[in-house]
Each structure stands twice: as structure tokens, then as C-alpha cells.
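Before any comments, here is the structure.
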Amino acid sequence: MKFDTIIIGGGLSGLTAGIESARAGRRTAIVTAGQSALHFWSGSFEFLCEQDSREVIERPLERAARLDPSHPYRRIGIERTERLLGRVQPMLAEAGITVNGSLGRNHYRLTPMGFAKPAWLTLDDYLAFDHPNEISGRQVCVVNIYSYLDFYPRYLETGLRKLGAAAMSREVNIPQLDVLRKSTTEMRATNISRFLRDDAVDALAREINRVSAGTDMVIMPAILGMFSDEPVKRLRRGVERPIYFVATTPASVPGVRCQLSLKALFNRLGGTYLAGDTVLKGDFEGTRLRRVYTENFGSIPLEADNFMIGSGSFFGHGLVATFDRIFEPVFGLDLNAGKSRTDWYDKDFYAPQPYMAYGVVTDDRFRPSRGGRTVENLYAAGALLSGFNALREGSGAGITLATALAAAEELTR
């Protein structure tokens, strides 16, 4: 099978680059095992939020200009990064995902534990505010579904009170969910979302109205609308006061919806999405990758003019660590990583851990190297890259999107 572009990995970076490639008229395939980090999505994308996990960054673009030159934002260039990321909201809107936010100034989102955390983009139906004191003095009702255990109203109550709000928590139930309580393992967000449709949403709205009378707003877990946002809109129409959502323990309902929506857009643009498959190896001719082989296709190669790999870091198995080495398992790409196991970590548990910044070696166009030689037609994006600590910086989604869009520009030249 021959394509113009093959993308390895169907998460946020792979889907973003795939959409841009297909939109440019390239015959594009995405090879993906299926689940991605989007299934753990909080409902917000971060660009650059914290420095040393202590100092909150209000103006992320200004701070990005002071990062180390090896950082992906600096390697792309701050002006180009801003231009590339300007495409994100329109792309998400085209896929049916409405987000709010600006690169000029971070806003705040409410975490499941009740903390106000900075963010770049947040789903329209999530609770977000310009400043933590914005919610001070509000009467807030935190509503949970009876026997749903992956949401923590008391933590939210405590956090909201620290922000100056008057908070109370209530439980509601509707008959349509009783069937799930036959097993404790069934009361999960993705299962609940399958039952919250049409009349069930209307019944839920009536219960929420009953328990939240006299309050200014309602906060509840994000358990509606795995396949579309229509149940969310229907509930918001039925509840008599503003209602906002907060992320739950994974799997994330809006995260699954985001991935499905981006996949649908990719398919509408003519892309080929090869789910449930894994790239095992590739054939190289000199410094060019010619074809790849996957589990499902066996000895039948997938050929392309250009390739992108966005397989993630350790979490997505884009990098693999054994007792004595760290490696990239598909092509054996060169890595920026400590040679000895003792180099991988800091004994201080709370210190930045070196392995978090490990990733593939690339040139300034994000083309990785193999055996010290740059692969001319292969590009890397997202968490597979080195030079940043997404957890420490609050930068993972921004880097994923910016590098995927930068790779897409190279793929569509």
C-alpha cells in the first residue's frame, strides 16, 4: 500500500498532523494501536503554566521566549509557534469541539481535587475563570451521581471554599442508571455516558434543579456526551442555572469524544485511519525511510514519501525502559538519555526527574537521527521529543500541538 504520508501514532499529535496533511491533499494514513493520552484528558490544554512547579506563569508566550534554546518552543521559534497554534481552535471547532482561551494570558481551570490550575485552552462547558478570586462569594452546588465513586465532591467543596465560594455537595439518582449498579465496576464515566441520553438527560436535569435550588451555579462530573456534545447541551438547556463540568478519573468522557471527533474530521478529509495496529519496523535506504511493517499487515509493507512518528514517551510506549537501557522500539532512533540507570532519576522524589526530559535526537526541523545520521523524510512530534519536562512546566499539550503542526508544514511542502 502506497501513501504520500504515513503517521505513526493516533493521539493528539498524530491526528493533528494527519488532519493538516489530508487537508493539503496528501494521501495520508495514521497507524495507531487505538487508545491514546487523550483518553486521560482533563478538558484543558496547557501551553506553559508553571516554572519549577511553584511559580504560576500568567503570560506564557513572554515566558516561552526565555526558555532554553534546546526547548521545542525555542527551536520552532516563538513567533512561528504562536502562528501555528493559532490554527488549533479553528481545527477543534471544525471537529465540533469548542474551547476557550488565549496564548496571551493563561486562565484557570478547576481540577477534580478543587485546585485552581492555569491553562491555555479549556472546553466551553468546563469551569474556567480569569483569576482564582473570580468565584469568591458564589453559591455553588457540587452534584454527583449516586454511587459514582470516581468523583470527589468533598475535595471540591474544600477547594471552592478556599477560593471564597460557599459550596455544598448533593447526590442525585435517576432510574435509567440503576442497571449499572448491579456491578461496582460498571459505574464508570464512559459507561454512565452511554445511558445519559434523551429522556435520561431530562430526568437528570429535573433532579439537579431540585437539589440546587437557591444556588448560583452547579458543578458536576464530566460524564455526558462520549460520542457527541448534544447530551451536554441538552442538560445545560434543562438546568435552571449555569452548570459546569470537572474532569473525572480516566477514562475521560470528553477525552474520548475529542479523539473520536478529530478522527472523524481526519476521515472526512480523506485520511485512512488504521486502528488496532502497531508499526514494528522500517526499511531504510541510506538516510531515507522507504516503508514500514505492522502487526496486522505482516509481510505487506506500507510505503510513503514522508513519515511522522508521534508515538509518545514512556506512557505511550514510544520510549521503552528496561533495567539497563532506554530505547525507541520502532526504528532504533538516537536518544538524548542518560547512559546509566543512576542517571535517569534524582533520589529526591520531589525533584525534577531527568528521565522526564528524555527523547529522540532531532535536527532543527525535528527530523530524528539514527546511528548519528538524520533521517531525511521522517519527522518526530509530541512527547517523543527531548528537551522539556511537560509535568514540571505544564507544557505537554502545547508542545504536542506545536510540533505536530510544524511537522505537518514539512510534510506538505
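The values are calculated or read from the model by the stated rules, or taken from the named source; none is laboratory data. This one's a predicted model, so the numbers in the text were calculated from it and none came from an experiment. Cβ sites come from the backbone with ideal geometry, for glycine too, and all protein chains shown count toward neighbours. In case anyone asks, the SASA skips ligands and DNA or RNA and just uses the protein heavy atoms, side chains included. Shrake-Rupley method; radii C 1.70, N 1.55, O 1.52, S 1.80 Å.
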Whichever residue in the range 347-370 is open to solvent by 70 Å² or more (accessible area, probe 1.4 Å), more than 18 Å from residue 396 (Cα to Cα) and touching a residue at least 24 places away in the same chain (Cβ under 8 Å) and, among such residues, is farthest from the chain's Cα centre (by Cα):
370
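Quick one: in the range 204-253, of everything that is in a strand (DSSP E or B) and not hydrophobic (A, V, I, L, M, F, W, C), which residue is most open to solvent (accessible area, probe 1.4 Å)? Reasoning before the result, please.
Taking the range 204-253 and keeping what is in a strand (DSSP E or B), we get 217-221, 243-246.
When the remaining residues are screened for being not hydrophobic (A, V, I, L, M, F, W, C), the result is 221, 244.
Values: 221: 0, 244: 60 Å².
Filtering first and then ranking leaves 244.
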Among the residues of the range 104-122, is any closer than 20 Å to residue 193 by Cβ and modelled with pLDDT of 95 or more?
yes
Can you pull out the residues in the range 292-321 that are assigned to a strand (DSSP E or B) and not polar (S, T, N, Q)?
292, 293, 302, 303, 304, 305, 307, 308, 309, 320, 321
Can you pull out every residue in the range 371-387 that is farther than 17 Å from residue 17 by Cα, open to solvent by less than 20 Å² (accessible area, probe 1.4 Å) and not aliphatic (A, V, I, L, M)?
386
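Name the residues in the range 132-159 that are in contact with a Ser or Thr (Cβ under 6 Å, 6 or more places away or on another chain) and outside any loop (DSSP other than H, G, I, E, B), would you? Explain how you work it out, then say what you get.
Within the range 132-159, the first condition is being in contact with a Ser or Thr (Cβ under 6 Å, 6 or more places away or on another chain), and the residues that meet it are 139, 141-142, 150-151, 153, 157.
Those that are in contact with a Ser or Thr (Cβ under 6 Å, 6 or more places away or on another chain) and outside any loop (DSSP other than H, G, I, E, B): 139, 141, 142, 153, 157.
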Could you tell me which of the residues 70, 102 is of a type in the set (S, T, N, Q), over 30 Å from residue 217 (Cα atoms) and open to solvent by 30 Å² or more (accessible area, probe 1.4 Å)?
70
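Sort out which residues of the range 357-413 are of a type in the set (Ser, Thr, Tyr) and part of a loop (DSSP other than H, G, I, E, B), and write them in order of number. Give the derivation first.
Taking the range 357-413 and keeping what is of a type in the set (Ser, Thr, Tyr), we get 358, 362, 369, 374, 379, 386, 395, 400, 403, 412.
Result: 358, 386, 395, 412.
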For the range 186-200, enumerate the residues that are within 19 Å of residue 247 (Cα to Cα) and assigned to a helix (DSSP H, G or I).
186, 189, 190, 191, 192, 193, 194, 195
What residue, of 341, 373, 392, is modelled with pLDDT under 95, over 15 Å from residue 84 (Cβ atoms) and in contact with a Ser or Thr (Cβ under 8 Å, 6 or more places away or on another chain)?
392
Of all residues in the range 257-268 being open to solvent by 20 Å² or more (accessible area, probe 1.4 Å) and of a type in the set (A, V, I, L, M), which is nearest to residue 36 (Cα to Cα)?
260
Just to be sure, is residue 43 more than 21 Å from residue 115 (Cβ to Cβ) and open to solvent by less than 60 Å² (accessible area, probe 1.4 Å)?
no
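Could you identify the single residue in 271, 282, 276 that is at positive phi and either surrounded by 15 or more Cβ atoms within 10 Å (Cβ to Cβ) or touching a residue at least 60 places away in the same chain (Cβ under 8 Å) (or both)?
276
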If residue 283 meets every condition in (1) in a strand (DSSP E or B); (2) under 27 Å from the mean Cα position of the chain (by Cα) apart from one, which number is that one?
(2)
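Only one of 32, 81 is closer than 27 Å to residue 190 by Cα and either free of Cβ contacts under 8 Å to residues at least 12 places away in the same chain or surrounded by 23 or more Cβ atoms within 10 Å (Cβ to Cβ) (or both). Can you tell me which? Walk me through it before giving the result.
Values: 81 fails: closer than 27 Å to residue 190 by Cα.
On inspection, the qualifying residue turns out to be 32.
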Being under 23 Å from residue 44 (Cα atoms), more than 21 Å from the chain's Cα centre (by Cα), at pLDDT 95 or above and of a type outside the set (A, V, I, L, M) is true for just one of 144, 100. Which residue is that?
144
